Amino acid sequence: MNSDRPAQPLDVLRPRNVGAPIRRTEDPRLLTGRGEYSADRKPDRPLHLAFLRSSQAHARITRIDTAAALASPGVVEVLTAESIVKDFKPVIPFSRMTNYYATPILPLAAGKVRYVGEAVAAVIATSRYLAEDALELIEIDYEPLGAVSRPEFAVTEGAPLLHDAAGTNVLVAREFKKGDVASDSKAAAVRVGGRFEVTRKAPLAMEPRSYTVEYEKRRDAITLYTSSNIPGIVRDAISESLDLPGHRLRVVAPDVGGSFGSKGSLYPEEILICIAARRLRRSLKWTADRLEDISSSSQAFAEIVDAEMGFDANGIAISLQADVIGDVGAYSIYPWTCGLEPVQVVSFLPGPYKIASYRGAVRGVATCKPPTGPYRGVGRPISTFVTERLMDLGAKALGIDPLEIRRRNLVRPEEFPYRIASGIIWDRTGFVECLDAAAETAGYRELRSLQADARKQGRLFGIGIASYAELTGIGSRIAVAPGMPINTGSETAKITIDSTGAITAAFGVASHGQGLETTLAQIVADDLGARFEDVRVIQGDSDEVPMSTGSYASRSAVLGGGAAKHACRILSEKIKRVASHLLEANQDDIEVFGGKAIVLGTDRAVTFRQIAKAVYSDMKTLPVKAREELSATYTYDPINGTTAAATHIAAVEVDPATCFVRIVKYVVAEDCGRIINPLIVDGQVHGGVAQGIGAALFEELVYDDDGQLLSASLIDYVIPSAPEVPNMEVVHVESESGVEGGFRGMGEGGTIGAPAAIANAIADALSPLGIEVSLLPMTPERIFRLMEQAKLKSRGKSR
Amino acid sequence: MKPAKFDYVAPTTVDAAVEALVAANGEGKVLAGGQSLLPLLNFRMTRPGVLVDLNGIQGLSFIEPRGDRIAIGALTRHREIEQSPLIASKLPVMAAAMRHVAHLAIRNRGTIGGSLSHADPAAELPMLSLFYGAELSVQGPAGRRIVAAEDFFVDALTNCLEPEEIVVEIEFPMLAYDGWAFEEVARRFGDFALASIAVSVRRGSSTIDNVRIAVMGVADTPLRLKAVEGKFSGVSIDDRTPDRFSELVMSSVSANSDLHASSEYRQHLLGKLAARAMRTALTAKE
Ligand SMILES: Cc1cc2nc3c(=O)[nH]c(=O)nc-3n(C[C@H](O)[C@H](O)[C@H](O)COP(=O)(O)OP(=O)(O)OC[C@H]3O[C@@H](n4cnc5c(N)ncnc54)[C@H](O)[C@@H]3O)c2cc1C
């Protein structure tokens, strides 16, 4: 009966889930308050933790007296570094990088404190109120050692050392080199450059960090519910630190209310709460309040970049050099190290451009601030800001349109795969296609003529472009953080049909807002031939897969999705084998679709439920050998990973009276490969751009020279709210990547392009006044000062 | 971020509330909308022994005309003032300003008595009370007394009340005007102002008879600029009037600086807003 087989492959005719704008299945519960976050866990009579945090930036702890606190009502225990020495091994953020010092991670500060907000003691009481009352009774004597706040100061001779054992405040130093930059730069027709800076940010997830540990006395076992996006890494690290095997230490990331990187590292409080549970044989809870979250979660960016780009007379960029200082804070984080953010700046500086020679040197410098860690975009928001500013400066110096100069320098379709000067290899991606699509959607020519009219009226109207490329879904050949010993290159999917015919797909990845529950179910439904609504996705639970690292670095759709596709292929073969018995048909004539196995061209079919029954419950129908468990596990490693790219175009108007920036138009054209769910892709771009607007115009953690945080509340740490985020147009250039499924990662890109595009637009708007933009965020105060300086200068000239 | 221990009482009359404050012996604190007080409690920046909750007292929430004045009960929520047709027609500057007060959820809870008592230098209602020349009716152990708004604000976040006193109601005189304007700049919509100005003008065909001016966000308390009012009464109107007004306003205040704005920038903003406000007030009726 092969003749009636359709000529077209079936999946073309069938309605597919992948590509469809399916509403997120997690949203109803999250939006109606029925989600379950770590703080929602209700263990039996839990104890509550509160941390006493350092008020000093850098000081020796000479005395801690906890007696009064211990005697305070409801207090069960007070822990200090001294009292827990025997309970754990320090966690070392190891890396094979040379010129790197790995600062040990301790649950509570021992000997000295290195930033304001560092945990020094922990009170455990029957309620958080009583625990906080007792905090006030702990006496600590500090001997100040001199604050180190500015990174430029930290590297000077005689600056106090944060880590004596390191012998320097430079915790990491690297240099990337290709070609002869010095002579190429000398040969350049024009050279542009400057000192660029992006200040420190707080990732600021809506849900602060939160941990609940449930202690099981029966077998001295712990389940840690953590608001983490790397539950697998947390499990492995705490297992090692506390010498607790994985089957007695389960780590679960339940619903997580955002991370943006702040929940993507191991935290001292996570180690401490597990130590406390084992010591006291009790369950415990802790949720950071907003002040703790801002002042002790990993922070972001904080880099100063001295950069220069040389162009030939045709506007081709021929040389690039940069010296980067990253203000990495007081400690290296686990597992990414303090190299993660600043080293990525130099890795990505050449961007999507064919620049022949390059030198990028970076120093990660210790200061008395919380550690910097991953933040949506990691390094690339800064590298893109610098490179795109340089492109615009080059265009201006040569009298070439900013759109045209990018077209001349981008890697062209026929040139992929392309190794840029820092060594990164871009696979085939729509660089030029994104540039063209963004320009067309934005109406670039019309915008320029609007600008000409505006300028005639004396209005400050500007247009900014930013093109970038990033590595996403990277496999085992490239470490997410340099020299790190953890396998970040693979992810596992385990798909099971149980005896009722229900499908459960378990993953190690851990959605913290990205909608993986929906997108992974879409993939499984298509590739298994199941109905979308019949697939349950489990993620972020260390008991479900043997090893996983989690969700970060725009990897989950590529790695989790790829693993799902492979596992589905194996499982669907099993389904077909069983169905061929049940339907007495050739395996090749069976198609699995809509939760059924069907004999092609007939109405003979069996449902998953019937198949499951035959396999598991029924002792007669199938021969013993044919009763294979309906389960498949696959660990997928894309080896290299894939590239994603976009061009952002922003048009802004600066109000000369208020010095406020209004975003008039915002367009993103992006290539994220095959789109799994366009609603989710748009949502990720919108959220990413909103965050990029924060970096460009609003957000800044201000530390004074004594290391005190001045912007420690949401009144002073200003983030964009709904009225500050404009409507955006998002265009998809959907070119399939080379990895399984053709996907590319796209969770971070919005934040990478927006700061640069807005910075360029502001610079363009202010160019009639001779103002350049080299520091973000461009707050009204900063624009005011630049305009005042420009006024003074022009007065000076006319005199 | 949990408050230190406190006792809680919920009286149903103002008399009982005052008694509770007296009994608290200087350790009492009144709770109205809680929008400013609760954060302070949670940060342990204030540690009252007793919280005296006003929300159960009937008759403290009203907006009503009284002759040439509008009386507003201390427990009236920001949102009620914002939406009141009476306020819109009789106190239009207040109506315009209310939408700049925080965000909807906060306006639903926050009260006028709480806002005035909290005395934030960048809050709209304290500035409006100066602008209108409002009078606060205050009840204490010795009974009621009237406090003029200009005597009420002592310093940033400091009013002139005794610990046992409660603001009960506030009367706002209706101003005669030919034109008015309210201008404000805040980092984001709903934030406390970086600078703000309220202006109303009585004018003849070519001269200004008198002006009323109040500003906020630039000093430790909101300010009514009586000196500028004096200099601007009787001046003749021409194209340069808004700019002259702006210069006068700028020279009469010296703005504070903080994390969000330097004094120079605030001063600059106030100048721009002053010119804009005067332009609007003058064009309202030609
Ligand atoms: C995020 C945020 C943004 C805000 N933005 C603005 C803004 O832009 N503009 C603005 O004006 N306000 C703003 N506010 C403050 C808001 O308007 C508050 O509601 C108001 O300042 C206090 O009113 P309340 O009724 O909540 O007072 P509460 O918080 O209950 O009390 C405040 C203080 O006043 C005392 N008090 C209260 N009522 C009386 C009374 N009848 N007699 C004597 N003392 C009393 C209390 O003891 C306490 O000391 C903002 C608040 C928040 C949280």
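The values are calculated or read from the model by the stated rules, or taken from the named source; none is laboratory data. Everything numeric in this text was worked out from a predicted model, so none of it was measured. For neighbour counting, all protein chains shown are included, and Cβ atoms are generated from backbone atoms with ideal geometry for every residue, glycine included. To get the accessible areas, we keep the full protein, side chains included, count just its heavy atoms, and leave off ligands, DNA and RNA. Shrake-Rupley method; radii C 1.70, N 1.55, O 1.52, S 1.80 Å.
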Looking at region B:248-270, which of its residues are open to solvent by less than 20 Å² (accessible area, probe 1.4 Å), more than 9 Å from chain A (Cβ to nearest Cβ) and under 27 Å from residue A:697 (Cα atoms)? B:255, B:266, B:270
Please verify whether region A:504-513 includes one or more residues that are at pLDDT below 95 and closer than 30 Å to residue A:662 by Cβ. yes
Quick check: is even one residue across region A:723-730 over 22 Å from residue A:201 (Cβ atoms) and surrounded by fewer than 20 Cβ atoms within 10 Å (Cβ to Cβ)? yes
Checking residue A:723 against (1) in a helix (DSSP H, G or I); (2) in contact with a Phe, Trp or Tyr (Cβ under 7 Å, 6 or more places away or on another chain); (3) away from chain B (no Cβ under 14 Å), which test does it fail? (3)
Restrict the check to region A:379-396 and report whether at least one residue is farther than 25 Å from residue A:762 by Cβ and out of contact with any Cys (no Cβ under 9 Å at 6 or more places or on another chain). no
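Quick grid of which residues meet (1) of a type in the set (Lys, Arg); (2) closer than 24 Å to residue A:102 by Cβ; (3) open to solvent by 30 Å² or more (accessible area, probe 1.4 Å); (4) in a loop (DSSP other than H, G, I, E, B):
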position: A:132; (1), (2), (3), (4): no, no, no, no
position: A:156; (1), (2), (3), (4): no, yes, yes, yes
position: A:162; (1), (2), (3), (4): no, yes, no, yes
position: A:197; (1), (2), (3), (4): no, no, yes, no
position: A:205; (1), (2), (3), (4): no, no, no, yes
position: A:208; (1), (2), (3), (4): no, no, no, yes
Please determine, by comparing only the residues of region B:28-73 that are within 14 Å of chain A (Cβ to nearest Cβ) and within 12 Å of the ligand (Cβ to nearest atom), which one is surrounded by the fewest Cβ atoms within 10 Å (Cβ to Cβ). B:45
Filter region A:691-720 down to the residues that are part of a helix (DSSP H, G or I) and either in contact with a helix residue (DSSP H, G or I) (Cβ under 6 Å, 6 or more places away or on another chain) or more than 9 Å from chain B (Cβ to nearest Cβ) (or both) and list them by number. A:691, A:692, A:693, A:694, A:695, A:696, A:697
Considering region A:67-100 alone, what residues qualify as being open to solvent by less than 60 Å² (accessible area, probe 1.4 Å) and under 25 Å from the mean Cα position of the chain (by Cα)? A:91, A:93, A:95, A:97, A:100
Considering each residue of region B:161-212, count those that are surrounded by fewer than 16 Cβ atoms within 10 Å (Cβ to Cβ) and hydrophobic (A, V, I, L, M, F, W, C), and give that number. 3
Which numbered condition in (1) within 14 Å of chain B (Cβ to nearest Cβ); (2) part of a strand (DSSP E or B) is the only one that residue A:295 fails? (2)
Considering each residue of region A:366-421, count those that are surrounded by fewer than 24 Cβ atoms within 10 Å (Cβ to Cβ), assigned to a helix (DSSP H, G or I) and among the acidic types (Asp, Glu), and give that number. 3
Right, residue A:760: closer than 23 Å to residue A:303 by Cα and more than 13 Å from every other protein chain (Cβ to nearest Cβ) or not? yes
Could you tell me whether residue B:92 is within 14 Å of chain A (Cβ to nearest Cβ), in contact (Cβ under 8 Å) with a residue 40 or more places away in the chain and more than 9 Å from the ligand (Cβ to nearest atom)? no
I'd like to know if region A:773-782 contains one or more residues that are farther than 23 Å from residue A:717 by Cβ and either surrounded by fewer than 20 Cβ atoms within 10 Å (Cβ to Cβ) or assigned by TED's automatic domain parsing to the domain that holds residue A:733 (or both). no
Restricting attention to region A:422-434, which residues are within 29 Å of residue A:323 (Cβ to Cβ) and either open to solvent by 40 Å² or more (accessible area, probe 1.4 Å) or of a type in the set (A, V, I, L, M) (or both)? A:424, A:425
Tell me, yes or no, whether region B:178-187 has at least one residue that is more than 14 Å from chain A (Cβ to nearest Cβ), assigned to a helix (DSSP H, G or I) and not charged (D, E, K, R). no
Does region A:175-195 hold any residues that are surrounded by 15 or more Cβ atoms within 10 Å (Cβ to Cβ) and under 31 Å from the mean Cα position of the chain (by Cα), and which are they? A:176, A:177, A:178, A:193, A:194
Among the residues of region B:104-127, is any in a helix (DSSP H, G or I), open to solvent by less than 10 Å² (accessible area, probe 1.4 Å) and either more than 10 Å from the ligand (Cβ to nearest atom) or of a type in the set (Ser, Thr, Tyr) (or both)? no
Can you name the residue in region B:236-247 that is assigned to a helix (DSSP H, G or I) and among the hydroxyl-bearing types (Ser, Thr, Tyr) and is also nearest to the other protein chains (Cβ to nearest Cβ) among such residues? B:246
Report yes if residue A:665 is away from every other protein chain (no Cβ under 14 Å), basic (Lys, Arg) and crowded, with 16+ Cβ neighbours inside 10 Å, otherwise no. yes
How about region A:775-793: which of its residues are more than 8 Å from chain B (Cβ to nearest Cβ), under 18 Å from residue B:188 (Cα atoms), out of contact with any Cys (no Cβ under 6 Å at 6 or more places or on another chain) and in a helix (DSSP H, G or I)? A:782
Among the residues of region B:130-154, which ones are buried (at least 23 other Cβ atoms within 10 Å of the Cβ) and away from the ligand (no atom under 11 Å from the Cβ)? B:130, B:131, B:132, B:134, B:149, B:153
Kindly indicate which of A:519, A:472, A:488, A:496 is more than 22 Å from the chain's Cα centre (by Cα) and of a type outside the set (A, V, I, L, M, F, W, C). A:496
If the requirement is being touching an Asp or Glu at 6+ places or on another chain (Cβ under 8 Å), assigned to a strand (DSSP E or B), away from chain A (no Cβ under 14 Å) and not basic (Lys, Arg), which of these qualifies: B:215, B:211? B:211
Scan region A:626-644 and give yes if some residue there is in contact with a Pro (Cβ under 7 Å, 6 or more places away or on another chain) and open to solvent by less than 40 Å² (accessible area, probe 1.4 Å), otherwise no. no
Boolean, residue B:122 is within 14 Å of another protein chain (Cβ to nearest Cβ), in contact with a Phe, Trp or Tyr (Cβ under 6 Å, 6 or more places away or on another chain) and not aromatic (Phe, Trp, Tyr): yes
